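**Student:** Sharing a structure below in structure tokens format, with a few things to ask.
Just so it is clear, none of the values below were taken in a lab; they were calculated from the coordinates. Quick caveat, the model's predicted, so the values are computed rather than measured. Virtual Cβ from ideal backbone geometry, glycine too; neighbours counted across all protein chains shown.
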Amino acid sequence: MVETYEGGCLCKAVRFRTKGPPKRTSVCHCRFCQHLTGSAFLVEPLFLKSNVEFSGPVSVYDYRSPAHGRTIHVHFCRNCGTRMGLTFERFPALLGMCGGTFDDPDSFQPARHIFTNSAVDWMAFPSDVACYAQHALKLDGSPETPWQTPS
């Protein structure tokens, strides 16, 4: 049986279903994700785009990052504005979902924290996950070295 997860927007006009486990779950502390969520960070389970189905009035906002010049596509409900996911020019096969929009947001255990250099001052990082000052991958695709490795 294939693992599935479901969720949706605040007004319930948009629903989604994912198939299979996420590729990984990150907690992102970059300023973009802080603005996106209106909070301190984004919990982001990453799925293959082909394993996510949306139903309802989904709109897309295209944001060009000043940091690297690539486009991030924000998927949101056009009725209530709930942001549900992100697709990336840099990673075209992936869809990062907004963890708080799942019916059971406890379904995903974060494997890493990224962009910790822009985290809020009061953030305490768990010792059992990798933490990266910025992204976990360099622009050329090679891995970055975390400043904290799981204990």
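**Student:** Run the lone-cysteine check on the chain: no other Cys C-beta under 4.7 Å from the residue's C-beta.
**Tutor:** Within the chain, the cysteines lacking a partner Cβ under 4.7 Å are CYS30, CYS98, CYS131.
**Student:** How high is the relative contact order of region 4-131, in percent, counting Cα pairs under 8 Å that sit 6 or more residues apart?
**Tutor:** On the way: 272 pairs, mean separation 37.3, N = 128.
Relative contact order comes out at 29 percent.
**Student:** At what distance in angstrom do the alpha carbon centres of region 14-84 and region 91-151 lie from each other?
**Tutor:** 14 Å
**Student:** Rounded to two decimals, what ratio of Rg to Rh does region 88-143 give with C-alpha atoms and a Kirkwood Rh?
**Tutor:** Numbers: Rg = 13.3 Å, Rh = 13.5 Å.
With Rh from the inverse mean 1/r over Cα pairs, Rg/Rh is 0.99.
**Student:** A further question on this structure: At 25 °C and 0.890 mPa s, what whole-number value in µm²/s does Stokes-Einstein give for the translational diffusion of the chain, with Rh from the Kirkwood sum over Cα pairs?
**Tutor:** Details: Rh = 15.9 Å.
The Stokes-Einstein estimate is 154 µm²/s.
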